[in-house]
């Protein structure tokens, strides 16, 4: 018979709800398996720490989002946000589901082309498009979302050289009631800059205006803000129709939908406060359908949401390195996952769950990563079970940005695996080695060992 985990005696006031003998449970059950595969077996085979992506969850969440919008609006097209997670395996799942590509750099553009995305299924956003990038996008028939007048003038110059008509949209920034207002990207709606840019494009026969685009911010929890944005873009589309007798092909509402990760400082958990896809879809669709847009010429609604689609699909597995007491008596736990691998720890209170059975006794704990820097903090304060060196854990909802904003700092980046629909595990990015880092270095002759 296996020896039970020792639980020391404790006198503590019980609170309402369904408590155990120590009070309310802070962690319900261990996460010992992901898609029916043992966490400990994954770590033993592929190393610790380890990123794990569920293809099944990616497809399930995408279908939920797509259904929410397509049942409310006649023409909908998703475009996968490459910056959110540009692993080829992840991107190709979304492309198989019918998603286009949304990119913000020449690097991401080339990745999309390499993934087999047709040029006319790529939206090219961002303020940093080189002349070479723009030339490539024009020749491939991609949709270029202009960020500023200098970019517009560059395109006008290139068109004279290329002799091809580019497909253009402008990015519009606006007041939607969200603070702070994102006004560093695109042309402002309120001061007339957006209308000025539209007129310059529409009066140039060498250019083709096809759409309007906005991205009002990130982790937006107010669906009304999207309704405001959709209404203002629809108003611009109506003005274009009235003055130039031209119907635009699409309105792109960008991304920014919140995931179920809880922001630091939030009073309530995200699971209780974040809108569903249905709520976002209701607000956006109603704003467009009740606008002055002509019913027979309704533009396609394009969505570039990333975080809300991918966050739930990935996990970060790891191992406890040490347990310590801080000078003020607080308990701390050092794990092998640092902020270099979990960049979103700077703004999320990530859910961390033991991967094996644990005592229901908990303590307020600071969870540190392994890096030699004081800001390497995964959770500043969490009521957590008592784990010991060698125990494993699972960090949930890490699919967005952690595999693109990660850093090669002090430690090498680990394996990433994907579990397919049949439960098979595939390495989709191999762990780094010293050679990966040093192969790009060049040592001057006078510093070489003789």
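The values are calculated or read from the model by the stated rules, or taken from the named source; none is laboratory data. Note that the coordinates shown come from a computational prediction; the quantities given were computed from them, not determined experimentally. Don't worry about glycine lacking a Cβ; one is built from the backbone with ideal geometry, like all the others, and counts go over all protein chains shown.
Please verify whether the range 268-281 includes one or more residues that are more than 23 Å from residue 81 (Cα to Cα), assigned by TED's automatic domain parsing to the domain that holds residue 196 and part of a loop (DSSP other than H, G, I, E, B). The answer is yes; a qualifying residue exists.
Could you please let me know if residue 317 is modelled with pLDDT of 95 or more, crowded, with 24+ Cβ neighbours inside 10 Å and in contact with a helix residue (DSSP H, G or I) (Cβ under 8 Å, 6 or more places away or on another chain)?
yes
Only one of the listed residues (201, 216) is modelled with pLDDT of 95 or more, under 18 Å from the mean Cα position of the chain (by Cα) and at negative phi. That residue is 216.
Within the range 239-259, the only residue that satisfies the criterion of being surrounded by fewer than 18 Cβ atoms within 10 Å (Cβ to Cβ) and either at pLDDT below 95 or within 19 Å of residue 175 (Cβ to Cβ) (or both) is 239.
Among the numbered conditions (1) in contact (Cβ under 8 Å) with a residue 24 or more places away in the chain; (2) surrounded by fewer than 19 Cβ atoms within 10 Å (Cβ to Cβ); (3) within 28 Å of residue 409 (Cα to Cα), the only one that residue 360 does not meet is (3). Every condition in (1) in contact with a strand residue (DSSP E or B) (Cβ under 6 Å, 6 or more places away or on another chain); (2) part of a helix (DSSP H, G or I) is met by residue 437 except one, and the failing one is (1). I'd like the full set of residues that are surrounded by 18 or more Cβ atoms within 10 Å (Cβ to Cβ) and not in a loop (DSSP other than H, G, I, E, B), limited to the range 283-307. 283, 284, 285, 287, 288, 301, 302, 303, 307 - these are the residues of the range 283-307 that are surrounded by 18 or more Cβ atoms within 10 Å (Cβ to Cβ) and not in a loop (DSSP other than H, G, I, E, B). Under 6 Å between Cβ atoms, at least 6 apart or on separate chains: pull out the pairs that start in the range 30-48 with a residue that is in contact (Cβ under 8 Å) with a residue 12 or more places away in the chain and end on any residue that is in a helix (DSSP H, G or I). These pairs meet every condition: 32/39.
Keeping to the range 350-360, report how many residues are within 19 Å of residue 49 (Cα to Cα) and out of contact with any helix residue (DSSP H, G or I) (no Cβ under 9 Å at 6 or more places or on another chain). Show your work before the answer.
Residues of the range 350-360 that are within 19 Å of residue 49 (Cα to Cα), as a first pass: 350-356.
Those still in the list that are out of contact with any helix residue (DSSP H, G or I) (no Cβ under 9 Å at 6 or more places or on another chain) too: 351-354.
Qualifying residue count, the range 350-360: 4.
Looking across 367, 375, one residue alone is in a loop (DSSP other than H, G, I, E, B), assigned by TED's automatic domain parsing to the domain that holds residue 321, within 25 Å of the chain's Cα centre (by Cα) and free of Cβ contacts under 8 Å to residues at least 40 places away in the same chain. It is 375. Test of understanding: among 63, 83, which residue is outside the structural domain of residue 281 (by TED's automatic domain parsing) and in contact with a strand residue (DSSP E or B) (Cβ under 9 Å, 6 or more places away or on another chain)? Checking each option against the conditions leaves just 83. In the range 423-437, is there at least one residue being surrounded by 20 or more Cβ atoms within 10 Å (Cβ to Cβ), at pLDDT 95 or above and under 26 Å from residue 83 (Cα atoms)? No, the conditions are met nowhere in the range 423-437.
Here is a yes/no grid of residues against (1) touching a helix residue (DSSP H, G or I) at 6+ places or on another chain (Cβ under 9 Å); (2) more than 16 Å from residue 325 (Cα to Cα):
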residue	(1), (2)
363	no, no
371	no, yes
380	no, no
400	yes, yes
405	yes, yes
414	yes, yes
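The set of residues in the range 206-247 being over 26 Å from residue 84 (Cβ atoms) and in contact with a strand residue (DSSP E or B) (Cβ under 8 Å, 6 or more places away or on another chain) consists of 207, 208, 209, 234, 236, 237, 240, 246. Screening residue 212 with (1) surrounded by fewer than 24 Cβ atoms within 10 Å (Cβ to Cβ); (2) in contact with a helix residue (DSSP H, G or I) (Cβ under 9 Å, 6 or more places away or on another chain); (3) not in a helix (DSSP H, G or I) gives one miss only, at (1). Applying the set (1) at pLDDT 95 or above; (2) farther than 30 Å from residue 277 by Cα; (3) over 19 Å from the mean Cα position of the chain (by Cα) to residue 340 leaves exactly one unmet item: (3).
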